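Colleague: Before anything else, here's the structure in question.
The values are calculated or read from the model by the stated rules, or taken from the named source; none is laboratory data. These numbers come from a predicted model, not from an experiment. Using ideal geometry, Cβ is built from the backbone for each residue, glycine included, and neighbour counts are taken over all protein chains shown. Accessible surface is based on the protein model in full, side chains and every heavy atom, while ligands, DNA and RNA are left aside. Shrake-Rupley method; radii C 1.70, N 1.55, O 1.52, S 1.80 Å.
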Amino acid sequence: MTHDHDLVLRPTQEQITAALNPPAGRNGGDLVVETLAGLGATTVFGLPGQHALGMFDALRRSDLRYVGLRVENNAGFAADAYGRITGEAAPLLLSTGPGALTSLAALQEAAAASAPVLAISSQIPTAGLGGGRHGYLHELPDQAASFRGVVKSVHTVRTQSQIPSAIEAAWKSALTAPHGPVWVEIPQDVLLAETSIPVVTGGDAFPEEVVPRPELTAVAAHLLSGAERPAIIAGGGVVRADASGKLLQLAETLRAPVVTTPGGKGAFPWGHPLSLQSWIEDRHTTDFLEDADVLLVVGSGLGELSSNYHTFRPRGRVVQIEADLGKLESNHPALGIHADARLALQALLETVSERQDESAPERVREVLDKVAARIAGQELTLEQEVLASVRRALPADSPSFWDMTILAYWAWSAFDAKGPNRMHSAQGAGGLGYGFPAALGAAAADPTRPVLAVSGDGGALYSIAELATARQYGLNVTWLIVDDGGYGILREYMNDAFGEATATELTRPDYVALAESFGVPGVRTTPETLEADLAKALSEPGPSVVVLPALLRMFAPTHLGTE
């Protein structure tokens, strides 16, 4: 019996001749870029360094587009966003030691958010590998050890013949659900040495499918079909699996209300009668979900944010669909189904029975009315108007990227993403500096739509150098900087906890003048003119900066039991 994967295509005489006579002047770096091109990559991000020059020299002999950022961590954020937007593994080319290590925070965010990033780093020469102290520039006893706790898989290359296979294996790892960052490292001498290995002409690295077990989806379908008060929590796994359509169909079949997590923004239509929107940090939503007799959790590990800071205590039966085994039943006992969200939802659609429940939309409206009344009692008109202005100014199909700033915390709960895969933030790992470089990566992925980045002034200083990148490549990103003179959310946390804030106030530049010094148009706006200024900036090609001096406040939390 012959299986498809047992078939080997016979090379043509032309291919044999080409393989026997590879072009001169190629090195190990050419094998890297040829493999990437063969796998379907078109764009790479990164920053050159001495040990990695073999890779970067090979770029000029390839058709790959290079987008170079000014800091490795920012290059990682750009690759992260490119991967989120395209669903492809975004290559990130880095140098040894300090260059590699500087990318760690970005790779942690990619891991937390399941963004496919293919990081390829140089290494010290082969003679220095093994942990001895040889004194090479950038030497670490075990560079890969710094990444093993962050990325999905680590691949160390020692010879040129290993390069195509290692990169293919890493590519497959990055794109197998759950998506994530992977690490490949190649010694300097392997990259620089001339090669007689044939040109890499293709790649076969199709990701494995994570298929649900049929006996488990049968039980889940039975539970959901017989539920009196089913509800659904939709996480980022729904967005990454492109399963929003199947989620909508299932929710309507079951008449089940749906709330989305911050990572699942846009997975369910905001204005749908069954939409609890994204107020997952509100006690009224938490109470509603706790009251569900069957709760379906799709593509979420019910972590800190998605469980209202671990105050969520479900009383009914929980069914959890999750591609990441580490997240499956890690916070709550459940009928755990290890599967890609799209495949599992399809299996449920084929087996559930339609429910009749005319009360579900009314129960949803009651929750949203309670949430609105709670917020209305806190005198937060400015914050709500600013967020509404951003929403009106941003085209419905444009993606937005949010740094860790107070306006982003509002957006997690209150911003209508207008569709899946359009709102992204650094809420996975929670590091500063994500918004602007990530938006640059998204603009490189799709130059046909303007992209919005949102930062506070503290986060903006992490990535201000990338204004040069935005100008150099003409990337269509508008950067909204909310300037409150410091680390605003930390200021609030410390004032609430200790009565006084420490180390939160910042001396900062004139952001408009600074942007203009890079050749990027800048404008200082007000809450009253924000919508018009932002819409104008978004409508014009190329990068721009809009600065809003404003002191925004967060809505009161409900997980502390003090409201």
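Colleague: Keeping every protein chain present and rolling a 1.4 Å probe, give me the accessible area per residue for the range 446-537 in Å². Before the final figure, lay out each step's value.
Modeller: Details: 4180 Å² over 92 residues.
I get 45 Å² per residue for this part.
Colleague: Kindly rank 126-138, 416-428 from highest to lowest mean number of other beta carbons found within 10 Å of each residue. It would help to have the intermediate numbers written out before the result.
Modeller: Working: 126-138: 13.5, 416-428: 22.8.
Result, highest mean first: 416-428, 126-138.
Colleague: So for the range 333-450, taking the charge dipole from beta-carbon charges (+1 Lys/Arg, -1 Asp/Glu), which of 371, 437, 381 sits furthest toward the positive end?
Modeller: So the residue we want is 437.
Colleague: Quick check on the chain: helices-only [θ] at 222 nm, where DSSP H runs of length 4 and up contribute -39,500 (n - 2.57) each and the sum goes over total residues. Nearest 500, please.
Modeller: On the way: 23 runs with 213 residues, N = 563.
Roughly -11000 deg cm²/dmol at 222 nm, from the helical runs in the chain.
Colleague: Can you give me the solvent accessible area of residue 410 with a 1.4 Å probe, rounded to the nearest 10 Å²?
Modeller: 0 Å²
Colleague: Using the Cα atoms of the range 446-563, I'd like the radius of gyration and the largest Cα-Cα distance, Dmax, both in angstrom.
Modeller: Looking at the range 446-563, its Cα Rg and Dmax stand at 16.3, 50 Å.
Colleague: For a protection proxy built on the mean count of beta-carbon atoms within 10 angstrom, sort 443-450, 237-244 highest first, please. The partial results should precede the final answer.
Modeller: Details: 443-450: 19.4, 237-244: 25.9.
Sorting 443-450, 237-244 by mean packing, highest first, produces 237-244, 443-450.
Colleague: Now a separate question. Taking the Cα centre of the range 517-563 as the origin and placing charges on Cβ (Lys, Arg +1; Asp, Glu -1), which of 551, 517, 527 is farthest toward the positive end of the dipole?
Modeller: 517
Colleague: Follow-up. With +1 on each Lys and Arg Cβ and -1 on each Asp and Glu Cβ, and nothing else charged, work out how big the dipole of the range 318-475 is about its Cα centre, in Debye to the nearest 20.
Modeller: Numbers: 13 positive and 20 negative charges, 74 e Å.
Computed about the Cα centre, the dipole is about 360 debye.
Colleague: Hey, can you rank 283-296, 347-360 by average C-beta count inside 10 Å, highest first? Numbers along the way, then the final one.
Modeller: Values: 283-296: 21.4, 347-360: 14.6.
Highest-to-lowest ranking by the protection proxy: 283-296, 347-360.
Colleague: Placing +1 at every Lys and Arg Cβ and -1 at every Asp and Glu Cβ, with all other atoms neutral, what dipole size does the range 267-340 have around its Cα centre, in debye to the nearest 20? Walk me through the intermediate numbers first.
Modeller: Working: 5 positive and 11 negative charges, 22 e Å.
Computed about the Cα centre, the dipole is about 100 debye.
Colleague: Antiparallel as a % of all DSSP beta bridges within the range 453-563, to the nearest 5? All intermediate terms of the calculation are to be shown ahead of the outcome.
Modeller: Working: 1 of 14 bridges.
The answer is about 5 percent antiparallel.
Colleague: A further question follows. Report relative contact order for the chain in percent, whole number only (criteria: Cα-Cα under 8 Å, sequence separation at least 6).
Modeller: Details: 1269 pairs, mean separation 71.0, N = 563.
With pairs under 8 Å counted, the relative contact order is 13 percent.
Colleague: Give the label of the value calculated from the structure for Cα extents along the principal axes in Å, choosing from (1) 72, 69, 45; (2) 77, 57, 38; (3) 64, 59, 49.
Modeller: Recomputing Cα extents along the principal axes in Å here gives the entry labelled (1).
Colleague: Here's a follow-up. Taking the 0 to 90 degree range and rounding to the nearest ten, how far is the long axis of helix 214-225 tilted relative to the main principal axis of the chain, both from C-alpha atoms?
Modeller: 20 degrees
Colleague: Let me ask another. What is the magnitude of the charge dipole of the chain about its Cα centre, with +1 placed on the Cβ of each Lys and Arg, -1 on the Cβ of each Asp and Glu, and no other charges, expressed in debye to the nearest 20?
Modeller: Values: 40 positive and 64 negative charges, 105 e Å.
Rounded to the nearest 20 debye, it is 500 debye.
Colleague: Give, as a single signed number, the net charge of other residues whose beta carbon lies under 15 Å from the beta carbon of residue 138, with Lys and Arg counted +1 and Asp and Glu -1.
Modeller: Numbers: positive: 133; negative: 72, 139, 142, 185, 189.
Net of charged neighbours comes to -4.
Colleague: Mind checking which of 272, 238, 49 is farthest towards the positive end of the chain's charge dipole, using Cβ charges of +1 (Lys, Arg) and -1 (Asp, Glu) about the Cα centre?
Modeller: My answer, from the dipole projection, is 49.
Colleague: By what distance, in whole Å, do the Cα atoms of the range 44-151 stretch along each of the three principal axes, largest value first?
Modeller: 42, 34, 20
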